[in-house]
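Beneath this line is the structure, given in structure tokens, with notes to follow.
The values are calculated or read from the model by the stated rules, or taken from the named source; none is laboratory data. For clarity, every value in this text was computed on a predicted model and none was experimentally measured. Cβ coordinates were reconstructed from backbone atoms using ideal geometry, including for glycine residues, and neighbour counts include every protein chain displayed.
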Amino acid sequence: MMSAKFIRFVLEAVIALFFIAAFLLIGRATASALNGDFGVLQWPVQAGAYGLEMAMSDSAMVNFTDGTLQISDQPLWHAIDLGFSFATIALFIAALMVLRSVLTGFAQGELINAENAQALRKIGHILLTVCALSVVQALVLQPAILAAVTPVDGTVLHPSLSWDVQGATNIWLHYDPPIITFALGGLALLFSEAFKTGTAYRNDSESVV
């Protein structure tokens, strides 16, 4: 009982953090609009074989291969990027709120029932939607970034999935697939089916008795 209450407390703290992240995102966008610099689109990039080198001592050197590409005067794509971010945060909050209701049932001794099975299925679908949204965001924004940037001579800017060009400085638009979110969504759906099967088995047993 205490462990369920503690987990629920931690979950509510995580929900609060997501709300704070949403408010910070709104605040940053509002500040950018008020300062007249709204429209700066950003995307993480990775250099190919080498990046910016900085000597730290006679025998040590830092090689910077990661960075952030910033493109000014892109208000439309900046707004679309913010829209994807807001939608992602909202979906995570929705999934956490559903999980909170499940934990409330656990604290009351209600573990395997149809309501929890349905809630877990909803969580799984929400998390898989987050994954799909992440992929769509990359597919929408990366072509826009490539079209807006004219690399300097000897430098080639690539989408995330692309072969390098020999003899050039290759820079890729970086993208990390949401593997953990995808796995959690799959686990939620798996547990949902297990709960559904357990509920049906229990109902059949009670009807026989």
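Looking only at residues that are polar (S, T, N, Q) and surrounded by 18 or more Cβ atoms within 10 Å (Cβ to Cβ) in the range 115-141, which one is nearest to W43 (Cα to Cα)? Even if it seems obvious, please write down each step before you answer.
Narrowing the range 115-141 to residues polar (S, T, N, Q): 116, 118, 129, 134, 137.
The next check asks that each one be surrounded by 18 or more Cβ atoms within 10 Å (Cβ to Cβ); those that pass are 116, 134, 137.
Values: N116: 39, S134: 13, Q137: 11 Å.
Restricting to residues being polar (S, T, N, Q) and surrounded by 18 or more Cβ atoms within 10 Å (Cβ to Cβ), the top hit is Q137.
Return the residue satisfying two criteria in turn: it lies in the range 158-171 and is closer than 17 Å to D66 by Cβ and at pLDDT below 90, and of such residues it is surrounded by the fewest Cβ atoms within 10 Å (Cβ to Cβ).
Selected residue: D164.
Report the residue count in the range 1-32 for those that are of a type in the set (F, W, Y), modelled with pLDDT under 85 and surrounded by 12 or more Cβ atoms within 10 Å (Cβ to Cβ).
Qualifying residue count, the range 1-32: 0.
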